[in-house]
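Please read the structure below before turning to the comments.
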Amino acid sequence: MHSISEKIKITGKASVEKSTFINDEALPSATTTFTCCDCGHKNTFEIAPYSSGFPILQLYHEDKVISKDELLQHRIANGTSQSMFHFGELTVNNMPTLYFGTDCSSCHSKYLCVFSYGEKQPGLMILSISGIWKYE
């Protein structure tokens, strides 16, 4: 798991085995797999709420890594509703949104994972993986 600081270009979307974890399913961490677009290898990864990931703002701030338009076009994130704007311009499910970079353990293709985690309503904590995208 690493941050991404250089300009990237999205080239595909990997399939994720399970993308939504509710309440205790996400604690102490949520584990799922994605299938590499290049070699078909199944890669396991883990997201630990409150300790995994980096703020998505780092990706689109001043278009340093990827533009807001590209994030929206690839449906990586959505525009945030006015009532939740304190989470940033772009979010997943209007909740705090994070990302991390990873790679295929077999062929080392590079991937971007975007997810959100938070309390959707009292007593309902949701970790939602927007997806995993291959990039160059």
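The values are calculated or read from the model by the stated rules, or taken from the named source; none is laboratory data. Source: prediction; values computed, not measured. FYI the Cβ positions are ideal-geometry reconstructions off the backbone, even for glycines, and counts take in every protein chain you see. These accessible areas exclude ligands, DNA and RNA; they are computed on the full protein's heavy atoms, side chains included. Shrake-Rupley method; radii C 1.70, N 1.55, O 1.52, S 1.80 Å.
Tabulated values for the structure
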quantity	calculated
Residue satisfying all of: in region 6-59; touching a Cys at 6+ places or on another chain (Cβ under 7 Å) and of a type in the set (Gly, Ala, Ser); nearest to Asn93 (Cα to Cα) among these	Ala14
Count - residues of region 36-51 that are farther than 15 Å from Tyr99 by Cβ, open to solvent by less than 40 Å² (accessible area, probe 1.4 Å) and not hydrophobic (A, V, I, L, M, F, W, C)	1
Any chance Ser106 is in contact (Cβ under 8 Å) with a residue 24 or more places away in the chain and open to solvent by less than 10 Å² (accessible area, probe 1.4 Å)	no
Those residues of region 52-71 which are open to solvent by 40 Å² or more (accessible area, probe 1.4 Å) and touching a Gly at 6+ places or on another chain (Cβ under 7 Å), in sequence order	Leu57
Where Thr32 falls short, out of the listed (1) under 16 Å from Val114 (Cβ atoms); (2) loosely packed, with under 14 Cβ neighbours inside 10 Å; (3) of a type in the set (Ser, Thr, Tyr)	(2)
Of all residues in region 6-16 being open to solvent by 100 Å² or more (accessible area, probe 1.4 Å) and in a loop (DSSP other than H, G, I, E, B), the one that is nearest to His74 (Cα to Cα)	Lys9
